[in-house]
Amino acid sequence: MALGQRGGERQEELWIPAARVARGPGHPFYDQLNKLLGEAEFDRWVEERCRTFYAEQGRPGIPPGCTSGCC
């Protein structure tokens, strides 16, 4: 069979939305730690201390604490 000459066969999508991926229940210690760090605005504190290392131009860095692309 020549390259690009498949007979009507289609490949299934490879991408899965993050919302459909199963998540475990987590751990109470880390749930409480995340809550405390959020209340103390720890991410903002770290961002201020790291500001001198951020690029002036180009693609901005990923904010500290952002693990799910939510930021």
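Please verify whether Gln5 is part of a loop (DSSP other than H, G, I, E, B) and either at pLDDT 90 or above or not aromatic (Phe, Trp, Tyr) (or both), treating the condition exactly as stated.
So Gln5 passes the test.
Out of all the residues in region 37-58, which are outside any helix (DSSP H, G or I) and either touching a residue at least 40 places away in the same chain (Cβ under 8 Å) or small (Gly, Ala, Ser) (or both)?
Residues satisfying the conditions are Ala40, Ala55, Gly58.
Can you name the number of the only condition in (1) within 18 Å of the chain's Cα centre (by Cα); (2) part of a loop (DSSP other than H, G, I, E, B); (3) modelled with pLDDT of 70 or more that Glu12 fails?
(1)
Mind checking which pairs have a first residue in region 21-36 that is closer than 17 Å to Gly65 by Cα and a second that is surrounded by 10 or more Cβ atoms within 10 Å (Cβ to Cβ), Cβ under 8 Å, 6 or more apart or different chains?
Going by the 8 Å Cβ cut-off, there are no qualifying pairs.
Is one or more of the residues making up region 51-60 in contact with a Pro (Cβ under 8 Å, 6 or more places away or on another chain) and at pLDDT below 90?
yes
The values are calculated or read from the model by the stated rules, or taken from the named source; none is laboratory data. Bear in mind that the values here come from a model prediction, so they are computed numbers and not experimental data. Here Cβ is always computed from backbone atoms with ideal geometry, including for glycine, and neighbour counts include all displayed protein chains.
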